[in-house]
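Peer 1: Sharing a structure here in structure tokens format.
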Amino acid sequence: MGDITGSLRFGEFVLDFDNRQLLCEGQKVELGSRYFDALALLATNPRSLVTKERFMDDVWKGIPVTDEALTQCIRTLRRALGDGASAPRYIETVPKHGYRFVAEITGAEDARPMANQQSPAARVAGATTLGALAAGLLGGLFYGIAGTTGGVAGIATLILLSATLAVLGGAAIGAGMALATLWRGERGWSVVLGGAAGGIVVGGLGSALAAYGMQSLTGVFPGRVTGMFEGMALGTAAGASLQIMLGANRSRTVTILLAAIVGASVTALTALSGGSFLGATLAQLEAQFPASHLQMAGVGALFGDEGFREITHLVTAMIEGAAFTSAIVYANLVWRMRSR
């Protein structure tokens, strides 16, 4: 926990935050970085319950680990402190809930949190927005190359359009998940509901502005475009992917792969139920405005389809969903690792 300065004294020990070391009567006690962070969390919250979820958020920064990792951490700390679970002098177990630091703090030298500590909610909102931006840039590049005849200008236009839509969607979904995190914590299925709610809001507003704005400008109503239904699906997939990320000790590759599977599965079901994601919306705009530089049959040709038909509609929806959720999970993983 590099967000605290100063030192704390308890018993014969001094916890030196500035130099990140534990001293016993002036001699350094060897502790790993994670274990130091865990002891710092306990010692700066004396007599208070520190839940398992708090350890996961503040010490492991949301990186998936098993309960055994926390148990081993506490066991190592007790050994370093000469403490025991049966008659604790420093760390007390609160069965099924967490741990409590029970020693009296006898001296504190300017031990205080630094002002730049970032909450889990802020991390979720920021990382989700950045991940969505990355997915939008990739999606725009894909459709720009495969689905337009406008050259560099057409590619640049689709990249800008896709990135803008993705940022708006990611920001709203991230805000919904952040509010849920503030309400019930990061590890809960309320985060899925928050993501879905954010998707519904931005999808509804976006579709209304796009459809009726285009009608007022061109006199042509574009028909069914990406809206609340699709926004809810993407928000649900993003929230579920984050819970999978936090739920078990998996490698980064496996975690991102699972997120991609979740995103592809949810968007596939949505497309089969009549939903239209970006690719399908672009194909519909091409039909409404045949003089445009859109040529979505080029996308269909990549998947052996004649034009942009059912197969291409389904496959592109799955690709969009997989890219969206995997990019969001990757961004959240990186953000947590860099904030350690």
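Peer 1: What number of residues within the range 244-253 satisfy the criterion of being without any contact (Cβ under 8 Å) to a residue 24 or more places away in the chain and part of a loop (DSSP other than H, G, I, E, B)?
Peer 2: So the count comes out to 1.
Peer 1: While we're looking at this one, here's another question. Suppose the filter is of a type in the set (S, T, N, Q), modelled with pLDDT of 90 or more, out of contact with any Ser or Thr (no Cβ under 8 Å at 6 or more places or on another chain) and buried (at least 18 other Cβ atoms within 10 Å of the Cβ); does T129 pass it?
Peer 2: Taking the combined requirement at face value, the residue satisfies it.
Peer 1: More than 26 Å from S190 (Cβ to Cβ) and acidic (D, E) - does that describe any residue in the range 318-338?
Peer 2: no
Peer 1: Would you tally the residues in the range 127-155 being out of contact with any His (no Cβ under 6 Å at 6 or more places or on another chain) and either outside any helix (DSSP H, G or I) or under 21 Å from L302 (Cβ atoms) (or both)?
Peer 2: Residues meeting the conditions: 16.
Peer 1: How do the pairs read when you match residues in the range 181-195 that are under 19 Å from I63 (Cα atoms) with residues anywhere that are assigned to a loop (DSSP other than H, G, I, E, B), using Cβ under 7 Å and keeping only pairs 6 or more apart or on different chains?
Peer 2: E186/G62
Peer 1: Please pick out the residue among G247, G298 that is surrounded by fewer than 20 Cβ atoms within 10 Å (Cβ to Cβ) and within 14 Å of the chain's Cα centre (by Cα).
Peer 2: Result of the check over G247, G298: G247.
Peer 1: Also, I was wondering about something else. If a residue must be out of contact with any Gly (no Cβ under 7 Å at 6 or more places or on another chain) and crowded, with 24+ Cβ neighbours inside 10 Å, how many such residues does the range 136-173 contain?
Peer 2: Of the residues in the range 136-173, 2 are out of contact with any Gly (no Cβ under 7 Å at 6 or more places or on another chain) and crowded, with 24+ Cβ neighbours inside 10 Å.
Peer 1: Further question on the same structure: Would you check if E306 is assigned by TED's automatic domain parsing to the domain that holds G140, closer than 22 Å to G219 by Cβ and either among the acidic types (D, E) or in contact with a Phe, Trp or Tyr (Cβ under 7 Å, 6 or more places away or on another chain) (or both)?
Peer 2: The answer is no for E306.
Peer 1: To continue, here is another question. Out of all the residues in the range 195-204, is one or more buried (at least 19 other Cβ atoms within 10 Å of the Cβ), assigned by TED's automatic domain parsing to the domain that holds G307, more than 24 Å from N332 (Cβ to Cβ) and more than 20 Å from the chain's Cα centre (by Cα)?
Peer 2: The answer is no, given that none of the residues of the range 195-204 is buried (at least 19 other Cβ atoms within 10 Å of the Cβ), assigned by TED's automatic domain parsing to the domain that holds G307, more than 24 Å from N332 (Cβ to Cβ) and more than 20 Å from the chain's Cα centre (by Cα).
Peer 1: If I ask for residues that are among the basic types (K, R), modelled with pLDDT of 90 or more and outside any loop (DSSP other than H, G, I, E, B), which ones from the range 84-126 would you list?
Peer 2: R100, the sole residue that qualifies.
Here is a yes/no grid of residues against (1) closer than 15 Å to G321 by Cα; (2) outside any helix (DSSP H, G or I); (3) touching a residue at least 24 places away in the same chain (Cβ under 8 Å):
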| position | (1), (2), (3) |
| --- | --- |
| L242 | yes, no, yes |
| T255 | no, no, yes |
| A259 | yes, no, yes |
| V262 | yes, no, yes |
| T267 | yes, no, yes |
| A271 | yes, no, yes |
| S276 | yes, yes, yes |
| A280 | yes, no, yes |
| A283 | no, no, yes |
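Peer 1: Given the options G176, G188, name the one that is outside any helix (DSSP H, G or I) and either among the small types (G, A, S) or at pLDDT 95 or above (or both).
Peer 2: G188
Peer 1: Name the pairs: first residue in the range 39-60 and basic (K, R), second residue in a loop (DSSP other than H, G, I, E, B), Cβ to Cβ under 8 Å, at least 6 apart or on different chains?
Peer 2: Taking only residues 6 or more apart or on different chains, the pairs are R47/V102; K52/H97.
The values are calculated or read from the model by the stated rules, or taken from the named source; none is laboratory data. Values in this document were obtained by computation on a predicted structure and should not be read as measured data. Glycine also receives a Cβ, built like all others from the backbone with ideal geometry; neighbour counts cover every protein chain displayed.
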